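The values are calculated or read from the model by the stated rules, or taken from the named source; none is laboratory data. Every value quoted in this text rests on a predicted model; they were computed, and no experiment measured them. Don't worry about glycine lacking a Cβ; one is built from the backbone with ideal geometry, like all the others, and counts go over all protein chains shown. Keep in mind that these areas ignore ligands, DNA and RNA; they rest on the heavy atoms of the full protein, side chains included. Shrake-Rupley method; radii C 1.70, N 1.55, O 1.52, S 1.80 Å.
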Amino acid sequence: MRIGALSALTGLSRDTLRFYEKQGLIRSLPSSEPSNSYRNYPEDSSERLRMITDARAAGLSIGDLKTLLNCMESGDLSTFDLDAFLDERIAHLEHVIATAQRTLGMLRDTRSAITMSDQLHIPE
């Protein structure tokens, strides 16, 4: 699949796809046609990009993703403490979720207070 098709499928810009490729998060292969310089992305690239997009939205850094994906792909845990890495990321995300839930509650309370205030001051 060429970059334009992958971009259309995922909703990510070509620049983002190129950036992720330069960072080693996705890969492409040169075209089998010697007359062009197109790159072809594997069919499972959209699935991988969905995971990357979700992980980035949840706060994982490019470095975290590179570490995690390299570990998952190599299966070599001899030089990497995956449990500690995952525990740290899980704790961070739990903190982010708790903070977001508190903020959401505050915003809902504020909206309720404003609505109640508006209802109490109905002009006649």
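Computed quantities for the displayed model
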read-out: Conditions (1) touching a Phe, Trp or Tyr at 6+ places or on another chain (Cβ under 9 Å); (2) surrounded by 14 or more Cβ atoms within 10 Å (Cβ to Cβ); (3) outside any loop (DSSP other than H, G, I, E, B); number of the one not met by ALA5; value: (2)
read-out: Residue in segment 109-124 that is touching a Cys at 6+ places or on another chain (Cβ under 7 Å), more than 29 Å from MET1 (Cβ to Cβ) and either open to solvent by less than 70 Å² (accessible area, probe 1.4 Å) or among the acidic types (Asp, Glu) (or both) present; value: no
read-out: LEU77 being assigned to a loop (DSSP other than H, G, I, E, B), in contact with a Lys or Arg (Cβ under 7 Å, 6 or more places away or on another chain) and either among the polar types (S, T, N, Q) or at pLDDT below 95 (or both); value: no
read-out: Failed criterion for SER31 (all others in (1) open to solvent by less than 40 Å² (accessible area, probe 1.4 Å); (2) under 20 Å from the mean Cα position of the chain (by Cα); (3) of a type outside the set (Lys, Arg) hold); value: (2)
read-out: Scan of segment 71-103 for residues that are open to solvent by 90 Å² or more (accessible area, probe 1.4 Å) and of a type in the set (S, T, N, Q), ordered by number; value: SER78, THR79, GLN101
read-out: Scope segment 19-28; condition assigned to a loop (DSSP other than H, G, I, E, B) and either of a type in the set (Phe, Trp, Tyr) or surrounded by fewer than 17 Cβ atoms within 10 Å (Cβ to Cβ) (or both); matching residues; value: GLN23, GLY24, ARG27
read-out: Residue satisfying condition, being in contact (Cβ under 8 Å) with a residue 24 or more places away in the chain and among the charged types (D, E, K, R), within set ARG48, ARG2, ARG108; value: ARG2
read-out: Positions within segment 34-58 being in a loop (DSSP other than H, G, I, E, B) and open to solvent by less than 50 Å² (accessible area, probe 1.4 Å), in sequence order; value: ASN36, TYR41, PRO42, ALA58
read-out: THR16 being open to solvent by less than 100 Å² (accessible area, probe 1.4 Å), β-branched (Val, Ile, Thr) and either in a loop (DSSP other than H, G, I, E, B) or farther than 30 Å from ILE3 by Cβ (or both); value: no
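Condition check ((1) out of contact with any Phe, Trp or Tyr (no Cβ under 6 Å at 6 or more places or on another chain); (2) aliphatic (A, V, I, L, M)) across all residues:
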site	(1), (2)
LEU17	yes, yes
SER31	no, no
THR53	yes, no
LYS66	yes, no
GLU73	yes, no
PHE80	yes, no
LEU86	yes, yes
ARG89	yes, no
THR99	yes, no
